[in-house]
1. I'd like the residue in region 18-49 that is part of a loop (DSSP other than H, G, I, E, B) and in contact (Cβ under 8 Å) with a residue 40 or more places away in the chain and, out of all such residues, is most open to solvent (accessible area, probe 1.4 Å).
2. Only helices (runs of 4 or more DSSP H) wholly contained in region 295-344 count here; list those with 1 or more residues that are open to solvent by less than 30 Å² (accessible area, probe 1.4 Å) and not hydrophobic (A, V, I, L, M, F, W, C).
3. Kindly indicate the residue of region 1-44 that is touching a Lys or Arg at 6+ places or on another chain (Cβ under 8 Å) and closer than 23 Å to residue 196 by Cβ and also modelled with the lowest pLDDT among those meeting that condition.
4. Select from region 161-171 the residues that are under 18 Å from residue 229 (Cα atoms), in contact with a Phe, Trp or Tyr (Cβ under 9 Å, 6 or more places away or on another chain) and not aliphatic (A, V, I, L, M) and write down the one among them that is most open to solvent (accessible area, probe 1.4 Å).
5. Being in contact (Cβ under 8 Å) with a residue 12 or more places away in the chain and closer than 13 Å to residue 341 by Cβ is the requirement here; does residue 279 meet it?
6. If a residue must be under 21 Å from the mean Cα position of the chain (by Cα) and not hydrophobic (A, V, I, L, M, F, W, C), how many such residues does region 146-182 contain?
7. Criterion first (without any contact (Cβ under 8 Å) to a residue 40 or more places away in the chain and under 17 Å from residue 80 (Cβ atoms)) does residue 258 satisfy it?
Amino acid sequence: MGKNKTGSEFLHVGSKILEWYKNNARDLPFRQTKDPYKIWICEIVFQQTRINQGLNHYNNFIKRFPDVKTLAKAEENEVLLYWKGLGYYSRAINIHKAAQQIMNDYQGVFPHQYEEILKLKGVGKYTAAAVSSICFGGKMPAVDGNFYRVLSRLFADDFDISNSRAFTYFSELAALVMPENVGDFNQAMMDIGSEICKPKNPLCGECPLNEDCLAFSMQKISDYPVKTKKVKAEDLALTYYFVHKNGQFLIRQRADDFIWKKLFEFPTAIPSDMESFITGSKTVTHKLTHKNLSIEIWNVEVTSEKQWNDFIAENQYLITDLEGSHEKSFPKPLEIYIQNALKD
């Protein structure tokens, strides 16, 4: 609907957004800097995590890895450890690889141009637009779920946000209202979308755009945005064996070709001659973005020194204990299991 009109009709909307942001911007630590490294890290951290839940993680990560060089030189397992609690661990792996990319391909200087930032491992159009606009005066809108929601309601636009062209479509809509200061505009849209124009129970009375919002004027806020395709979650069953002896247990590191990339896990099989050590099992459930997991964990309390050593040697398992496990990154359900199994 909006694209049938000319941009000049909507430029006052961008001005309202900037005026609101000037008076209502959230006081966040990464708002006090134009350092592209810190802006990049914050954008990745908060892609799948609410600000109030991820702020301590962000601060701890920046404290340990204050710049690209420090992050690039770190061991991958340490990066994963400092990502612990944020989930989506492939993001941490990609951040580490991208830092090395910056050191190798850009002589340690964070690239300035949107197109160059987009070349970094794990960086998509949203993140590239956010970093380039906030730090270097770039002119690309950082279109994400907040943009989809605010703009579809503002224009009462029924373009399906699950459509593969949604990013391009809403980038063009954003251009109709976008002021000169795109960096502040992008941050303002993030704040409006997360604090006011919420998916449920939006605070329309507090919104700086309520006088211009077509969905609000038609009392159809709940109709937007339109999303028809929903990815059905896949059911996935996993089996683990918690093989332990005298407070120590066995682990290995996962590959990077499936869920829980590079995290540590328990053995997934034991030989038949160790089945006599099984003392019980527990099934836990866990939800990932597109998977419903059912995880059966068998408790294997080994009493034979020889079988313990043979099993380790044949499979190259690592030995750890409760204290040592704190220095490793495990999938959340396995981490909880460890705490409960060894708490006494």
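The values are calculated or read from the model by the stated rules, or taken from the named source; none is laboratory data. Only a predicted model underlies this, so the values are computations on that prediction, with no experimental measurement involved. Note that we place each Cβ from the backbone using ideal geometry, even for glycine, and neighbour counts take in every protein chain shown. These accessible areas exclude ligands, DNA and RNA; they are computed on the full protein's heavy atoms, side chains included. Shrake-Rupley method; radii C 1.70, N 1.55, O 1.52, S 1.80 Å.
1. So in region 18-49, the residues part of a loop (DSSP other than H, G, I, E, B) come out as 25-28, 33-35, 46-49.
Add one more test, that the residue is in contact (Cβ under 8 Å) with a residue 40 or more places away in the chain, and what stays is 25-26, 34-35, 47-48.
Working: 25: 42, 26: 56, 34: 120, 35: 53, 47: 81, 48: 104 Å².
Restricting to residues being part of a loop (DSSP other than H, G, I, E, B) and in contact (Cβ under 8 Å) with a residue 40 or more places away in the chain, the top hit is 34.
2. Numbers: elements: 305-315, 322-325, 332-341.
Ranges flagged: 322-325, 332-341.
3. In the first step, residues of region 1-44 are kept if they are touching a Lys or Arg at 6+ places or on another chain (Cβ under 8 Å); the result is 25, 30, 44.
Those still in the list that are closer than 23 Å to residue 196 by Cβ too: 25, 30.
Details: 25: 93, 30: 84.
For region 1-44, the residue satisfying everything is 30.
4. Ranking the qualifying residues of region 161-171, first place goes to 165.
5. Values: in contact (Cβ under 8 Å) with a residue 12 or more places away in the chain: yes; closer than 13 Å to residue 341 by Cβ: yes.
Yes, satisfied.
6. Total meeting the criteria: 5.
7. Values: without any contact (Cβ under 8 Å) to a residue 40 or more places away in the chain: yes; under 17 Å from residue 80 (Cβ atoms): yes.
The answer is yes for residue 258.
Every residue, every condition in (1) open to solvent by less than 40 Å² (accessible area, probe 1.4 Å); (2) more than 26 Å from residue 137 (Cα to Cα); (3) in contact with a Cys (Cβ under 9 Å, 6 or more places away or on another chain); (4) without any contact (Cβ under 8 Å) to a residue 12 or more places away in the chain, yes or no:
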site	(1), (2), (3), (4)
150	yes, no, yes, no
180	no, no, no, yes
185	yes, no, no, no
188	yes, no, no, no
192	yes, no, yes, no
199	no, yes, no, no
208	yes, no, no, no
